Amino acid sequence: MAKKIASARITTSSSQLLQELNNSLPFDKLLYREDIQGSLAHSQMLATQGIISQEDYESIKNGLNEILGEIESGEFSLDRDDEDIHMAIEGYLTQKIGDAGKRLHTARSRNDQVATDFRLYVQKNTKLIASLLLKNIQTFLDIAKANTSTLLPGMTHLQHAQPINFGYHMMAYVSMFKRDYERFMSSFERNNYSPLGCAALAGTPHPIDRELTAKSLGFDAPTINCLDSVSDRDFALEILFNISTMMMHISRLSEELILWSSSEFRFITLSDRHATGSSIMPQKKNPDIPELLRGKSGRVYGNLISLLTVMKSLPLAYNKDMQEDKEGVFDSVRTATLSLMVLDEMMSEMRINEDKMLQACMIGHLSATDLADYLVKKAGIAFRDAYHITGNVVNLAETKGVDISELSLDELQSIDDRIQEEVLDILDNRASMNARCSFGGTSSSSVETQIKIIEEWIKNLK
């Protein structure tokens, strides 16, 4: 094997097996844009500080821009005998421009170079995922606006509990996605610092300007401790955690969409574009997208746990174990972006079957709590006693095979004569839903308030 340009101490060719184990180019070639971006900023700073000549900088800049164009056009193949993207680009640059290319790595180590490239990638995709979350939030808001009075059985333990509206249910996911968005943006702000210029672990004796390269690359400032900077992968763990939490929310939604689209519920109908058939049963329409989204959560959890495990026992500073930091992040980012795009498209085309939801609200005595509350407020009965009276009313409805809201006044008074005619309106499911008008509740007016709050929040982001 050819001697590597970063192997001055090694006097013999590497083992073929070591080459295969050590080679990260098949996956870290994804960082070619970030690597060239970092090298352009670094070489410009070197020239500004007089560490390299302006002539060398111009050669480096022109050469790197040519390489960028050749990679993107496919003219320069990265499937070469190089151990990583950084050496592949530096080696090709030196072939192109000669000795000037060898000066690019002055005052820099692959340790800070890798940390910078990877951080640039994570920061860019943190913003991308946040923007896709906002798009989904808007789609869910649109669904909520159209369904603030669409009755739906609210559930606990997957059992009918109280009447809510479908807009309210959608706003629950808006709240989740809002927290996800805020987590991504908080991570972006916390991690927007540049490791470039830290060199191997201890800084460099060259008169570099780390503030200059930080600003050039879009960071707020340079990191303050080089020993930490080259070995820090908290930013990678954060995006993996943020994606895992977001995918957990998507998985919960997916579970409900799968249930709701089944013959037992039929609350929603997914468009044919977002469902598949069976290879043997011609009548089938399967909710494959929600099922795939539900399954993807396990995949991203694995990537998070994998990197946590890699990092847990590493001494400072850089260790080769950290080459395992990228594949999981690349995979989770790809999973997250695709998941958010397909989720937004699917939800935009989903049909809501209001009649089926309304029918389901007549099962499970959803307004039973309203009867208990009525007895407390109107008759002055202690809640626990009202609770038991209501239980007896529910038992009566069960024996008659009707919903509690369908009982007559005489039937209700046969349980307790303190129940008056006004309770008939209170037990209506729509009245029950709209009675819950406390802040954050399910009434149509409360949901409209929630929508306005989120719309104002979005407006203030811009």
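Which of the following residues is under 30 Å from Ala372 (Cβ atoms), open to solvent by less than 50 Å² (accessible area, probe 1.4 Å) and hydrophobic (A, V, I, L, M, F, W, C): Leu158, Leu152?
Among Leu158, Leu152, only Leu152 is under 30 Å from Ala372 (Cβ atoms), open to solvent by less than 50 Å² (accessible area, probe 1.4 Å) and hydrophobic (A, V, I, L, M, F, W, C).
Here Phe184 meets each of (1) part of a helix (DSSP H, G or I); (2) more than 16 Å from Leu128 (Cα to Cα) with one exception, condition (2). Inspect the stretch 255-272 for any residue being more than 21 Å from the chain's Cα centre (by Cα), under 30 Å from Gln159 (Cβ atoms) and assigned to a helix (DSSP H, G or I) and give the result as yes or no. Yes; the residues of the stretch 255-272 include at least one that is more than 21 Å from the chain's Cα centre (by Cα), under 30 Å from Gln159 (Cβ atoms) and assigned to a helix (DSSP H, G or I). Please state which of the following conditions Ile129 fails to meet, knowing it meets all the rest: (1) surrounded by fewer than 21 Cβ atoms within 10 Å (Cβ to Cβ); (2) modelled with pLDDT of 95 or more. So Ile129 meets the others, but not (1). When Leu78 is tested against (1) at pLDDT 95 or above; (2) within 32 Å of the chain's Cα centre (by Cα), only condition (1) is not met.
A search for C-beta distances below 9 Å between a residue of the stretch 215-236 that is part of a loop (DSSP other than H, G, I, E, B) and any residue that is aromatic (Phe, Trp, Tyr) and at pLDDT 95 or above, counting only pairs 6+ apart in sequence or on different chains, returns Phe219/Tyr193; Asp220/Tyr193; Thr223/Tyr193; Ile224/Tyr193; Arg233/Phe118. Considering only residues in the stretch 54-98 that are of a type in the set (S, T, N, Q) and in a helix (DSSP H, G or I), the one that is most open to solvent (accessible area, probe 1.4 Å) turns out to be Gln95.
Would you tally the residues in the stretch 310-330 being of a type in the set (Asp, Glu) and either open to solvent by less than 20 Å² (accessible area, probe 1.4 Å) or in contact with a Pro (Cβ under 6 Å, 6 or more places away or on another chain) (or both)? Please lay out each step first, then the result.
Just the residues of the stretch 310-330 that are of a type in the set (Asp, Glu), to begin with: 321, 324-325, 327.
Subsequent filtering for residues that are either open to solvent by less than 20 Å² (accessible area, probe 1.4 Å) or in contact with a Pro (Cβ under 6 Å, 6 or more places away or on another chain) (or both) retains 325.
Final tally of qualifying residues: 1.
Taking the stretch 378-407 as the range and being assigned to a loop (DSSP other than H, G, I, E, B) and open to solvent by 50 Å² or more (accessible area, probe 1.4 Å) as the test, the residues that pass are Gly380, Ala382, Gly401.
Just to verify a result, which residue in the stretch 341-372, among those that are of a type in the set (Asp, Glu) and touching a Ser or Thr at 6+ places or on another chain (Cβ under 8 Å), is most open to solvent (accessible area, probe 1.4 Å)? In this case the residue turns out to be Glu354. One residue alone among Val423, Val394 is within 12 Å of Ser367 (Cα to Cα) and more than 44 Å from the chain's Cα centre (by Cα), and that residue is Val423. Within the stretch 279-287, can one find any residue that is touching a Leu at 6+ places or on another chain (Cβ under 7 Å) and open to solvent by less than 50 Å² (accessible area, probe 1.4 Å)? Looking for residues that are touching a Leu at 6+ places or on another chain (Cβ under 7 Å) and open to solvent by less than 50 Å² (accessible area, probe 1.4 Å), one finds at least one in the stretch 279-287, hence yes.
List pairs: first residue in the stretch 93-108 and over 20 Å from Ala202 (Cα atoms) and of a type in the set (Ser, Thr, Tyr), second residue surrounded by fewer than 20 Cβ atoms within 10 Å (Cβ to Cβ) and modelled with pLDDT of 95 or more anywhere in the structure, Cβ distance under 7 angstrom, at least six positions apart or on different chains. Close Cβ pairs satisfying both conditions: Thr94/Lys102.
Checked against the criterion of being surrounded by fewer than 17 Cβ atoms within 10 Å (Cβ to Cβ) and either assigned to a helix (DSSP H, G or I) or out of contact with any Cys (no Cβ under 9 Å at 6 or more places or on another chain) (or both), the candidates Leu338, Leu375, Leu412 yield just one match: Leu338. Could you list all residues from the stretch 23-53 that are loosely packed, with under 15 Cβ neighbours inside 10 Å and at pLDDT below 95? Listed by number, the list holds a single entry, Pro26.
The values are calculated or read from the model by the stated rules, or taken from the named source; none is laboratory data. Bear in mind the structure is a predicted one, so any value in this text is a computation, not a measurement. Because the Cβ atoms are built from the backbone with ideal geometry, glycine has one as well, and the counts that use them run over all protein chains shown. Just the protein is used for accessible areas: all its heavy atoms, side chains included, with ligands, DNA and RNA removed. Shrake-Rupley method; radii C 1.70, N 1.55, O 1.52, S 1.80 Å.
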